[in-house]
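Read the structure below first, then the notes.
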Amino acid sequence: MSRLILVLGDQLSDQIAALREADRDTDVVIMAEVAAEADYVPHHPKKIAFLFAAMRKFAAKLRDDGWDVRYTRLDDDGNAGSIPGEILRRAEETGAKECIATEPGEWRLISALEDCPIPVHMMQDDRFLCSHREFEEWAEGRKELRMEWFYRDMRRKTGLLMEGDKPACGKWNFDHENRKPAKGEDPFPGPMRFTPDETVEEVLDLVEARFGGNFGTLCPFWFATETGQARRALSHFVRTALPRFGDVQDAMLEDDRFLAHSVLSMYLNAGLLTWQEICAAVVDAFEAGDVPINAAEGFIRQIIGWREYMRGIYFREGPDYPKRNALNHQRRLPDFYWTADTDMNCVAHAVAQTRDEAYAHHIQRLMVTGNFALLAGIDPHEVHEWYLAVYADAYEWVEAPNVIGMSLFADGGIVGSKPYVSGGNYINKMSDYCRGCRYDVAVKQGEGACPFNFLYWAFLHRHRDRFGKNPRMAQMYRTWSRMSDDKRKATLDSAEDFLGRLSSGDHV
Ligand code: FAD
Ligand code: DLZ
Ligand code: SF4
């Protein structure tokens with residue numbers, strides 16, 4: 001009796017657990033483009049095109065390798081519209097009585113599979129370095145789940161950048177050397193771009209017709225859509241950008257959307273690359289002397305540290321995590337998150353780039369759009385749905401802990417020991433956005449003042465009960481307390497006026 005083997009759009013690896021469990025001679029692989037996955041948030045058209053094209057090519061590869069693959073295209077007659085619906089339909093077609101799946105990366109889909117009338121056996125997704133059980137064991141009994149300690153354990157576990165039981169070059173973390181602005185740097189070549197082939201062109205037509213109205217520009221479309229291409233993109237990154245990755249990791253430039261970032265997250269998350277091959281390429285370059293330690297360590301930390309840690313938090317915290325709102329923020333998401341129509345040059349650039357590329361790098365996500373949402377008290381669930389929709393690498397397991405936890409402090413301090421908030425000075429130091437802005441970063445309150453400046457103090461003031469005793473924030477509260485009454489009042493008045501205009505939908 002054949003079984004159904006489910007492969008989801010972000011599980012495009014022939015080493016995925018369900019396929020390893022399957023019997024090529026008797027089992028049937030099912031893959032489906034379905035409205036329920038394409039619509040649950042209004043995904044960026046580039047994200048949908050990337051996944052559908054990569055799914056189609058992966059299905060073709062599996063067929064070449066001798067698998068019986070039943071692939072449903074979005075516009076096929078009889079498309080059941082959801083993953084459980086497709087499982088049922090294919091079960092009727094083949095007579096299969098059970099389905100083997102690899103655990104999805106979102107609670108939403110896990111529970112839909114659990115409720116499926118055909119039994120679905122979910123295998124652990126072992127594409128990750130740290131299993132759910134191992135993360136539980138690591139977290140058990142700790143007062144604080146700090147990434148740095150988790151990361152060190154992952155370095156020890158993998159032996160990456162280790163000299164015996166000591167970290168290479170004598171330090172675990174070179175972050176202090178990774179905070180340089182990029183002004184004056186030689187230009188970066190940017191990620192490798194691929195010309196759409198026939199499969200991609202066909203998908204682009206479909207996506208334009210069905211999702212052309214979603215936020216986001218579909219063309220030019222240049223993403224890799226198969227493993228071979230993603231591997232070339234990886235080599236290109238290691239050769240051309242990795243050596244300077246550490247130095248300018250936190251920098252932002254108006255005319256350079258990618259700087260020394262790898263732009264590999266969408267390939268890694270969808271299964272086109274593995275963390276092992278990415279880390280091996282980085283370590284090889286380091287050992288060959290082509291890449292300095294601050295770049296190699298900084299990059300490895302993102303992959304085996306932050307990425308694995310975020311996944312651990314998502315699954316440990318459970319399905320209600322994306323609904324958390326520890327700071328009780330209720331303001332609606334401003335329209336400019338969908339239009340880029342704001343005078344705040346940093347926000348306008350980050351949103352416009354997101355619209356064009358389905359990509360923004362970490363500091364843009366954290367310190368521009370995320371920072372603004374937190375300072376302005378935007379409802380975290382609305383912010384979460386925005387991030388989940390607009391980035392090509394976004395799945396809830398990685399997006400929610402970054403947004404709800406790291407960026408918005410809506411989990412009350414599980415991911416971060418203090419909120420990531422800053423005034424305009426940080427953005428000005430790390431970018432060239434401010435010089436082209438209608439607001440003046442040097443002005444703290446009143447006419448023409450940079451909104452990040454007064455919103456920052458108003459945020460601290462509003463949440464004094466929660467953060468006033470946090471030792472990492474004591475210095476800022478002391479500065480606020482030392483300001484004259486007039487200055488504090490002017491700051492709070494500016495914030496109130498701005499937030500009132502924001503809520504009324506005025507142009508800001
Ligand atoms: P690089 O800067 O080149 O970093 C290398 C790799 O490290 C990335 O490809 C990624 O796999 C990993 N990485 C780095 N930081 C993180 C992190 N904080 N969490 C997990 N992995 C990390 N990443 C996603 O993959 N999907 C998301 O939906 C997502 N949403 C985010 C939302 C917010 C508010 C923030 C602050 C961060 C988010 N991140 C997300 C993390 C990070 O911003 C992206 O992984 C990174 O920008 C992807 O670009 P890159 O491949 O050029 O990364
Ligand atoms: C994101 C996405 C989209 C847009 N479409 C599909 C699809 O049609 N079929 C599919 O199998 N997967 C899709 N995905 C990825 C899933 O949403 C993803 O597997 C879950 O969110 C779990 O991470
Ligand atoms: Fe952003 Fe303020 Fe700088 Fe304008 S002045 S770009 S709003 S930080």
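Where a number appears in this text, it was derived from the coordinates with a stated rule and is not lab data. Because the structure is a prediction, the values reported are computed rather than measured. Cβ placement follows ideal geometry from the backbone for every residue including glycine, while neighbour counts extend to all protein chains displayed.
Highest mean first, what order results for 127-139, 448-460 on Cβ atoms within 10 Å? Please list the in-between numbers first.
Details: 127-139: 16.1, 448-460: 22.8.
Order by mean packing, descending: 448-460, 127-139.
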- Message: Sort D284, D486 by Cβ crowding within 10 Å, fewest neighbours at the top.
- Response: D486, D284
- Task: List the residues whose amide H sits under 5 Å from the amide H of D68, counting only those 5 or more places along or on another chain, with H placed 1.01 Å from N in the peptide plane.
- Result: V29
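Tell me, in nm to one decimal, what length is gained between M123 and Y477 on full extension, where the rule is 0.36 nm per residue of separation less the Cα-Cα distance? Please list the in-between numbers first.
On the way: separation 354, 0.36 × 354 = 127.44 nm, distance 4.90 nm.
Value of the extension gain: 122.5 nm.
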- Item | Total formal charge among the other residues, if their Cβ is under 10 angstrom from that of T217, Lys/Arg +1 and Asp/Glu -1 | 0
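Would the chain count as rounded, prolate or oblate if I go by the C-alpha gyration tensor, calling it rounded below 1.5 in a/c and otherwise prolate when a/b exceeds b/c, oblate otherwise?
Working: a/c = 1.69, a/b = 1.51, b/c = 1.12.
Taking the square roots of the gyration eigenvalues as a ≥ b ≥ c, the chain is prolate.
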- Projected onto the charge dipole of the chain (unit charges on the beta-carbon of Lys, Arg, Asp and Glu, signs +1, +1, -1, -1), the Cα from I378, G413, A449 with the largest positive-side position is that of A449
- Amide H neighbours of E226 under 5 Å, at least 5 residues apart or on other chains, H built in the peptide plane: list them. none
- Task: Enumerate the calculated ³J(HN,Hα) couplings along region 179-187 in order (Karplus 6.51 cos²θ - 1.76 cosθ + 1.60, θ = phi - 60°), each rounded to whole Hz, writing x wherever the residue is Gly or Pro.
- Result: 10, 9, x, 9, 4, x, 5, 4, x
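Just subtract the alpha-carbon distance of E254 and D39 from 0.36 nm times their residue separation and send over the number in nm, one decimal. Could the numbers behind the result be given before it?
Details: separation 215, 0.36 × 215 = 77.40 nm, distance 3.18 nm.
Gain on extension, E254 to D39, equals 74.2 nm.
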- Query: Given the pairs K183/K418; K143/K323; K444/K489, which are separated by over 19 angstrom at their Cα positions?
  - Reply: K183/K418; K143/K323
- Task: Express in whole angstrom the spacing between the alpha-carbon centres of region 303-346 and region 353-387.
- Result: 7 Å
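Which percentage, to the nearest 5, of the DSSP beta bridges contained in the chain is antiparallel? Don't jump to the answer; show the numbers that get you there.
Numbers: 3 of 20 bridges.
Taking every DSSP beta bridge with both residues in the chain, the antiparallel ones total about 15 percent.
What is the local net charge at D23, summed over the other residues whose Cβ is closer than 14 Å to its Cβ (Lys, Arg +1; Asp, Glu -1)?
Values: positive: R3, R20, R24; negative: E21, D25, D27, D65, D68, E98.
In short, -3.
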- Counting other beta carbons within 10 Å of each Cβ, put Y433, Y395 in order, fewest first. Y395, Y433
- Query: For region 265-274, what does the Karplus curve 6.51 cos²θ - 1.76 cosθ + 1.60, with θ = phi - 60°, yield as ³J(HN,Hα) per residue in whole Hz, taken in order and with x for Gly and Pro?
  - Reply: 4, 5, 6, 5, 5, 8, x, 6, 10, 10
- Item | Charged-residue dipole, Cβ positions (Lys, Arg, Asp, Glu), region 141-205 about Cα centre, Debye nearest 20 | 960 debye
- Which whole-Hz ³J(HN,Hα) couplings does region 424-439 yield from phi under the Karplus relation 6.51 cos²θ - 1.76 cosθ + 1.60, θ = phi - 60°, glycine and proline marked x? x, 4, 4, 5, 5, 5, 8, 9, 10, 5, 5, 5, x, 9, 5, 8
- Where the only charges are on Cβ atoms (+1 Lys, Arg; -1 Asp, Glu), what is the dipole of region 4-123 about its Cα centre, to the nearest 20 debye? 380 debye
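What's the tally of Lys pairs in region 4-123 whose alpha-carbon atoms lie under 24 angstrom apart, where the two lysines are 8 or more places apart or on different chains? Kindly include the intermediate steps, with their values, before the conclusion.
Numbers: K46/K57; K46/K61; K47/K57; K47/K61.
Summing the qualifying lysine pairs gives 4.
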- Please report K143, K97 as a ranked list, fewest other C-beta atoms within 10 angstrom at the top and most at the bottom. K143, K97
- Query: Alpha carbon centre of region 443-508 versus region 277-299: separation in Å?
  - Reply: 42 Å
